[in-house]
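Report on the structure given below.
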Amino acid sequence: MLSATDRAVAAELTGMGGYQFGGQIETSEGDLELNDAAAFLAEIEFPLKFKTGTSLMLMWGVQPTNLQFDASPRKVDITVHYWHGGLLYNLRTDNPALVPFTQVGLGATQLNPSDGESVTKFSFAWGAGLKYALNPKVSLRFQGELYATMLTSDAWVGVGTGGASVGLGGNALLQGALMAGVTIKLGGKKGKEPAPPPASEPAPAQPAPAQQPPPQEPPAQQPPTEQPPATQPPATEPPATEPPATQTTGTPPSR
């Protein structure tokens, strides 16, 4: 899914070219047929703020071709115009650069022959396609379109000295178109595109508890080392005190 990103809330302008085919009209006098030919389309979109991914769309398509009545070899140049307004819805994908879309439009078809009066009838269209973003401002666009124009129940082709003229009718005029072109984002003020709710994810695995270092064993008790016996200082005996020598005094000789 697309994440929340800043984007320019602005209009988108598209120009495309391609090939438009179909357009057979059944009448009581025969069939009228629009020949397949190149076609061109211009479209402008305005994003709706209250509906994410949805835009208001205005479209104009044109196909210069010719109209042929099956009972006559003569062809009449005619230009088919489509004028529609409607809604375009962008789908979400896992790739933000790749955006599929679908659209529906209501409006009018103008059939404008080179000779004769133009005819304008109610019409509607349905289309689908793909946008591929080259950068934030420019995208490639590929689109298929189906047009249905409501007509009356009569038709005729006349050829005279002044040229050819045509009147158009029938029940419905159906045409298809395959287009390719470029979409350009016009400037606008910055906005914030809300992000869709995140997809549910499995609960993250709980991290394994950190391994505790093994407890340290107390060091083995060493046997007490024998201390050498304390050396006692030799007892000092006091020197023997010799009594002083007594001198014998001689006895005086008797007189």
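What follows is calculated from the coordinates using simple rules that are stated; it is not laboratory data. In this text, all values refer to a predicted model and were calculated from it rather than measured experimentally. All Cβ positions, even for glycine, are placed from backbone atoms using ideal geometry, and neighbour counts span all protein chains on display.
For the reader, a short list of remarks on this structure follows.
- Calculated FRET value between I44 and L140, using beta carbons and R₀ = 22 Å, to 0.05: 0.80
- Note on T54 and A148: the model spin-label points, each 7 Å out from Cα along the C-beta direction, lie 2.2 nm apart.
- With a Förster radius of 35 Å applied to the beta-carbon distance between K75 and F122, the computed FRET efficiency rounds to 0.85.
- Alpha-carbon radius of gyration plus Dmax, which is the widest Cα pair, for region 80-129 in Å: 15.9, 53
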